[in-house]
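A.B. asks: Got a structure for you, questions after.
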Amino acid sequence: MVPSNKVIAIDGPAASGKSSVATRVSKKTGFLHVNSGLMYRALTWSALRADIDTNNESKIIDHLNSIEMECIKSNDSLLLHIDGNDPGEELKSQEVNRSVSVVAAIKEVRSELVKRQREYLLISDIVMEGRDIGSVVFPETPFKFYIDASPEVRALRRRGEGGVDDLRERDKLDSSRKVSPLVIPEDAFVIDTSEMDLNEVVEKVLSELNNKGLIT
Ligand code: DC
């Protein structure tokens with residue numbers, strides 16, 4: 001690990017606005033934006049394309065070991081290619097939404113993807129969003145945020161994006177799984193964004209980063 005590289009960890013439930021916040025914080029700080037959820041989504045997408053039953057843990061693990069997941073830097077964020085294919089918006093499809101939490105609950109999948117997530121720090125300072133970034137992937141970072149919003153507001157936001165997503169089911173699976181469930185890290189700065197717009201949330205994050213001496 002390059003000890004001087006820094007991590008801003010942004011966790012929270014589905015459709016809480018993490019990605020929009022992480023994108024803006026990445027632009028402001030110049031840190032590389034890594035969306036860890038896309039890695040779980042890319043594996044799920046690829047398994048579905050290969051007609052693999054996403055409830056079959058050993059087949060999913062074998063599949064992860066058989067595919068090439070390549071990260072391509074595009075501007076300040078990363079795109080994932082699987083075996084040379086760009087899944088694009090298919091990563092956010094209803095089919096992927098429906099199966100991704102089951103795939104992300106597999107212990108071996110998590111340990112492999114967490115290992116890859118930690119490797120990003122070798123390249124750059126990063127803003128990483130996900131469910132377990134502050135609790136498991138980079139517990140030592142002092143820059144932890146937990147972005148929340150009420151279930152009603154999150155459902156509205158997802159519908160506004162045109163997405164079809166059973167948030168309640170995904171929340172339940174993500175929060176109740178045995179391995180690294182979604183939790184609020186004890187030392188995280190929690191922001192309930194239910195009644196805030198994106199600018200206000202970003203300002204709050206930047207002001208906390210300023211208080212902590214990361215930015216001026
Ligand atoms: O953030 P997202 O909704 O795109 O994430 C998709 C799924 O991946 C989510 O339901 C849970 C899982 N995930 C995870 O378990 N750990 C992460 N660090 C990121 C996502």
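A.B. asks: Of the residues that sit in the range 4-30 and are part of a helix (DSSP H, G or I) and among the β-branched types (Val, Ile, Thr), which one is nearest to residue 77 (Cα to Cα)? Please lay out each step first, then the result.
C.D. replies: Going through the range 4-30, the residues part of a helix (DSSP H, G or I) turn out to be 18-29.
Then drop every residue that is not among the β-branched types (Val, Ile, Thr), which leaves 21, 23, 25, 29.
Numbers: 21: 13, 23: 8, 25: 12, 29: 13 Å.
By that ranking, first place goes to 23.
A.B. asks: A further question follows. Yes or no: residue 83 of a type in the set (D, E, K, R) and surrounded by fewer than 21 Cβ atoms within 10 Å (Cβ to Cβ)?
C.D. replies: Details: of a type in the set (D, E, K, R): yes; surrounded by fewer than 21 Cβ atoms within 10 Å (Cβ to Cβ): yes.
It is true that residue 83 is of a type in the set (D, E, K, R) and surrounded by fewer than 21 Cβ atoms within 10 Å (Cβ to Cβ).
A.B. asks: Moving on to the next point. What pairs come out if I take residues in the range 166-177 that are near the ligand (Cβ under 10 Å from one of its atoms) and pair them with residues that are in a helix (DSSP H, G or I) whose C-beta lies under 6 Å away, six or more apart or interchain?
C.D. replies: Pairs found: 167/154; 167/155; 170/101; 173/101; 174/101.
A.B. asks: Go through 137, 153, 114 for me and flag whichever is farther than 23 Å from residue 179 by Cα and hydrophobic (A, V, I, L, M, F, W, C).
C.D. replies: Details: 137 fails: farther than 23 Å from residue 179 by Cα; 114 fails: farther than 23 Å from residue 179 by Cα.
Just a single option satisfies the conditions, and that option is 153.
A.B. asks: Go through the range 30-39 and count every residue that is more than 17 Å from residue 165 (Cα to Cα) and either surrounded by 24 or more Cβ atoms within 10 Å (Cβ to Cβ) or among the hydrophobic types (A, V, I, L, M, F, W, C) (or both). Walk me through how you get there before you give the answer.
C.D. replies: Applying the first criterion (more than 17 Å from residue 165 (Cα to Cα)) to the range 30-39 yields 30-36, 39.
Next cut, either surrounded by 24 or more Cβ atoms within 10 Å (Cβ to Cβ) or among the hydrophobic types (A, V, I, L, M, F, W, C) (or both) only: 31-32, 34, 39.
Counting residues in the range 30-39 that are more than 17 Å from residue 165 (Cα to Cα) and either surrounded by 24 or more Cβ atoms within 10 Å (Cβ to Cβ) or among the hydrophobic types (A, V, I, L, M, F, W, C) (or both) gives 4.
A.B. asks: Quick check on this structure: which one of 135, 99 is at pLDDT 95 or above, within 12 Å of the ligand (Cβ to nearest atom) and in contact with a Pro (Cβ under 9 Å, 6 or more places away or on another chain)? Please lay out each step first, then the result.
C.D. replies: Working: 99 fails: in contact with a Pro (Cβ under 9 Å, 6 or more places away or on another chain).
Of the residues listed, the single one that is at pLDDT 95 or above, within 12 Å of the ligand (Cβ to nearest atom) and in contact with a Pro (Cβ under 9 Å, 6 or more places away or on another chain) is 135.
A.B. asks: Checking residue 140 against (1) acidic (Asp, Glu); (2) at pLDDT 95 or above; (3) within 15 Å of the ligand (Cβ to nearest atom), which single condition isn't satisfied?
C.D. replies: The single condition residue 140 does not satisfy is (3).
Quick grid of which residues meet (1) over 18 Å from residue 134 (Cβ atoms); (2) among the hydroxyl-bearing types (Ser, Thr, Tyr); (3) surrounded by fewer than 19 Cβ atoms within 10 Å (Cβ to Cβ); (4) within 16 Å of the ligand (Cβ to nearest atom):
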| position | (1), (2), (3), (4) |
| --- | --- |
| 10 | no, no, no, yes |
| 16 | no, yes, no, yes |
| 20 | yes, yes, yes, yes |
| 28 | yes, no, yes, no |
| 41 | yes, no, no, yes |
| 52 | yes, no, yes, no |
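A.B. asks: For residue 207, indicate whether it is near the ligand (Cβ under 10 Å from one of its atoms) and small (Gly, Ala, Ser).
C.D. replies: Values: near the ligand (Cβ under 10 Å from one of its atoms): no; small (Gly, Ala, Ser): yes.
So residue 207 does not fit the description; no.
A.B. asks: So residue 181 fits all but one of (1) away from the ligand (no atom under 12 Å from the Cβ); (2) surrounded by 13 or more Cβ atoms within 10 Å (Cβ to Cβ); what number is the exception?
C.D. replies: (1)
A.B. asks: If a residue has to be over 30 Å from residue 27 (Cα atoms), of a type in the set (Gly, Ala, Ser) and in a loop (DSSP other than H, G, I, E, B) to count, how many in the range 38-97 make the cut?
C.D. replies: Number of matching residues: 1.
A.B. asks: Let me ask another. Within the range 160-193, how many residues turn out to be in a loop (DSSP other than H, G, I, E, B) and of a type in the set (Gly, Ala, Ser)?
C.D. replies: So the count comes out to 4.
A.B. asks: Checking residue 33 against (1) touching a Ser or Thr at 6+ places or on another chain (Cβ under 8 Å); (2) assigned to a loop (DSSP other than H, G, I, E, B), only one condition comes out false. Which one?
C.D. replies: (2)
A.B. asks: State which residue pairs qualify: first residue part of a loop (DSSP other than H, G, I, E, B) and inside the range 122-140, second residue of a type in the set (Ser, Thr, Tyr) and within 13 Å of the ligand (Cβ to nearest atom) in any location, beta carbons under 6 Å apart, and separation of 6 or more residues or different chains.
C.D. replies: Every condition considered, the pairs that remain are 132/180.
A.B. asks: With the checklist (1) in contact (Cβ under 8 Å) with a residue 12 or more places away in the chain; (2) more than 10 Å from the ligand (Cβ to nearest atom) in hand, flag the one item residue 115 doesn't pass.
C.D. replies: Looking at each condition in turn, residue 115 falls short on (1).
A.B. asks: A further question follows. Pairs needed: first member in the range 86-100, hydroxyl-bearing (Ser, Thr, Tyr); second member anywhere, crowded, with 17+ Cβ neighbours inside 10 Å and modelled with pLDDT of 95 or more; C-beta distance under 6 Å; at least 6 residues apart or different chains.
C.D. replies: Once the first residue is hydroxyl-bearing (Ser, Thr, Tyr) and sits in the range 86-100, its partners that are crowded, with 17+ Cβ neighbours inside 10 Å and modelled with pLDDT of 95 or more give 99/44; 99/54.
The values are calculated or read from the model by the stated rules, or taken from the named source; none is laboratory data. All figures in this text were calculated on a predicted structure; none of them were measured in a lab. For neighbour counting, all protein chains shown are included, and Cβ atoms are generated from backbone atoms with ideal geometry for every residue, glycine included.
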